[in-house]
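**Student:** Shown below is the structure under consideration.
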Amino acid sequence: MIDRIKLPNEKTSVPTASVEAAPSRSARNPRFGANILPLALITLAIFAFLALTRDNFATAQNLNSILFAVSIEFLAIVGFTYLMVMREIDLSVGSVFAMTGMLTGSLLVAGWGFWPAAALALGVAGLIGFMNGFLVVRFNINSLMLTIGTMLVVRGLANVLANALGGRTYPREFRSLARTDVFDVRLSIVMMVVLVLAAWALQRRAALYRKMCFIGENMRSATVHGINVGRIKIATFVVSAMTAGLGGIFTASRITSADVRMGLGLEFVMVTAAIIGGASLYGGRGDLRGSALGLLLLALVLNGMIMYDIEPVFQQFVIGFLLIATVTFDTLMNRRKG
């Protein structure tokens, strides 16, 4: 059990006068929801522009397709957002997303039932998340560099699974999962709404969220004040991997067969959407509602490009440009506050 993280060059006994006597003001009240209204208005403006300029944009089929895609990607950003709140990052989400979906499909093709296959695949995803969190906490490894390595290892495993499947179609039971409706609404969309509402309650009421913000702002002070920093970080890495894996299962069901391109670049979409939604690479803040809106905004922009017949390969340029812009803005804002 890891209750404390020993920082580099940290003394065994830390004088209380050398750290804050209490959580900072922003940790007690971490500017909750300050960016939601402006972001919602920008997203609405983009929606209105596309609806007014493209007749086939505001159709029920197109809007349902956008929400469906966003709801699946949203599953991968749940734990990811809260890792950013604690000044950590998990760039292996795209690879775990792909591996979990393909592993579930492989087990089903081999004759397993859906629930045992999905449980095992999610268990593997959780183990990957645990290893990421344990190594970050126990050895104080930079999570960015560590999860780049995990990303490459897990992507290799996903490619092995894809080659082993050889283009075989997943069983009908699995293919129907992503198309399951609850009151004529896709299951993944219902899950997204429920998780956003749950996150809203968590962030407003639960001490855990305030602890995460405190950890992101000042990990040394959080440790001294008795917060189980290691335990919270490891648990969040596990959640990040498992929610990414859940999104991968829905995606594998949606595309019906193994695809080596599945989840490629997803981690960069996650970073961009989370920062647009109010998270910071410097920790201390983040809002799952904002991350959901960030994903929706990106989806509207990319869908609008399709409506305007812009080459699909240009989409990578747009995501890259937005990532550079958001990271630059985040860095400048944090320097100004510092």
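FYI, it's all coordinate maths here, none of it is from the lab. Values in this document were obtained by computation on a predicted structure and should not be read as measured data. Reconstructed Cβ throughout: ideal geometry from the backbone, glycine too, with neighbour counts over all protein chains shown.
**Student:** When a/c is below 1.5 the answer is rounded, else prolate if a/b is larger than b/c, else oblate, so apply that to the stretch 172-319 with a ≥ b ≥ c taken from the square roots of the Cα gyration tensor eigenvalues. Intermediate values should be presented prior to the final figure.
**Tutor:** Values: a/c = 2.05, a/b = 1.57, b/c = 1.30.
Prolate, since a/c reaches 1.5 and a/b exceeds b/c.
**Student:** Please list, in order along the stretch 46-56, the HN-Hα scalar couplings obtained from phi with the Karplus expression 6.51 cos²θ - 1.76 cosθ + 1.60 (θ = phi - 60°), rounded to whole Hz, x for Gly and Pro.
**Tutor:** Those phi angles translate into 5, 4, 5, 4, 5, 5, 7, 9, 9, 4, 8 Hz.
**Student:** Lys and Arg at +1, Asp and Glu at -1: add these up for the other residues within a Cβ distance under 14 Å of VAL239 and post the number. Kindly include the intermediate steps, with their values, before the conclusion.
**Tutor:** Working: positive: ARG231, LYS233; negative: GLU88, ASP90.
Computed value for this residue: 0.
**Student:** Could you sort the peptides 128-134, 323-329 by per-residue average Cβ neighbour count (10 Å cutoff), highest mean leading? Walk me through the intermediate numbers first.
**Tutor:** Numbers: 128-134: 23.3, 323-329: 14.0.
Per-residue Cβ counts within 10 Å, averaged per peptide and sorted highest first, yield 128-134, 323-329.
**Student:** Within the stretch 243-324, which trypsin sites (Lys or Arg not before Pro) sit in a loop by DSSP and count at most 10 neighbouring Cβ atoms inside 10 Å?
**Tutor:** On the way: sites: ARG254, ARG261, ARG285, ARG289; in loops: ARG261, ARG285.
Of the trypsin sites (Lys or Arg not before Pro), the ones in loops of the stretch 243-324 whose Cβ has at most 10 other Cβ atoms within 10 Å are ARG261.
**Student:** Shape verdict for the stretch 45-118, please, from the Cα gyration tensor: rounded (a/c under 1.5), prolate (a/b greater than b/c) or oblate. Show your work: numbers first, answer last.
**Tutor:** Values: a/c = 3.80, a/b = 1.47, b/c = 2.59.
Judged from the Cα gyration tensor, the stretch 45-118 comes out oblate (a/c at least 1.5, b/c at or above a/b).
**Student:** Still on this model: Sort 168-175, 277-284 for me by packing, meaning the mean count of neighbouring Cβ atoms within 10 Å per residue, highest on top. Mind dumping the intermediate values first?
**Tutor:** Values: 168-175: 15.6, 277-284: 23.4.
Final packing ranking: 277-284, 168-175.
**Student:** If you wrap a convex hull around the Cα atoms of the stretch 139-242, how much volume per residue is inside, in Å³? It would help to have the intermediate numbers written out before the result.
**Tutor:** Details: hull volume 14.8 nm³, N = 104.
Roughly 143 Å³ of hull volume per residue.
**Student:** Starting at the first residue of the stretch 114-125, write each ³J(HN,Hα) from the Karplus equation 6.51 cos²θ - 1.76 cosθ + 1.60 with θ = phi - 60°, in whole Hz, x for Gly and Pro.
**Tutor:** 4, 5, x, 5, 5, 5, 5, 4, 5, x, 5, 4
**Student:** Still on this structure: How would you classify the chain from its alpha-carbon gyration tensor, with a ≥ b ≥ c the square roots of the eigenvalues: rounded for a/c under 1.5, else prolate if a/b is greater than b/c, otherwise oblate?
**Tutor:** Numbers: a/c = 1.96, a/b = 1.30, b/c = 1.50.
Judged from the Cα gyration tensor, the chain comes out oblate (a/c at least 1.5, b/c at or above a/b).
**Student:** Local charge sum around VAL193 (other residues, Cβ-Cβ under 13 Å, Lys/Arg +1, Asp/Glu -1)? Intermediate results must be reported in sequence, preceding the final value.
**Tutor:** Details: positive: ARG186, ARG289; negative: none.
So the environment of VAL193 carries a net charge of +2.
**Student:** On to the next question. Per-residue ellipticity at 222 nm for the chain, helices alone: DSSP H runs ≥ 4 residues times -39500 (n - 2.57), over residue total, nearest 500 deg cm²/dmol? List each step's numbers first, then the result.
**Tutor:** Details: 14 runs with 236 residues, N = 338.
The per-residue figure over the chain is -23500 deg cm²/dmol.
**Student:** Mind ranking 69-76, 187-194 by how tightly packed they are, going by the mean number of other C-beta atoms within 10 angstrom, highest first?
**Tutor:** Working: 69-76: 24.2, 187-194: 17.2.
The packing order, highest mean first, is 69-76, 187-194.
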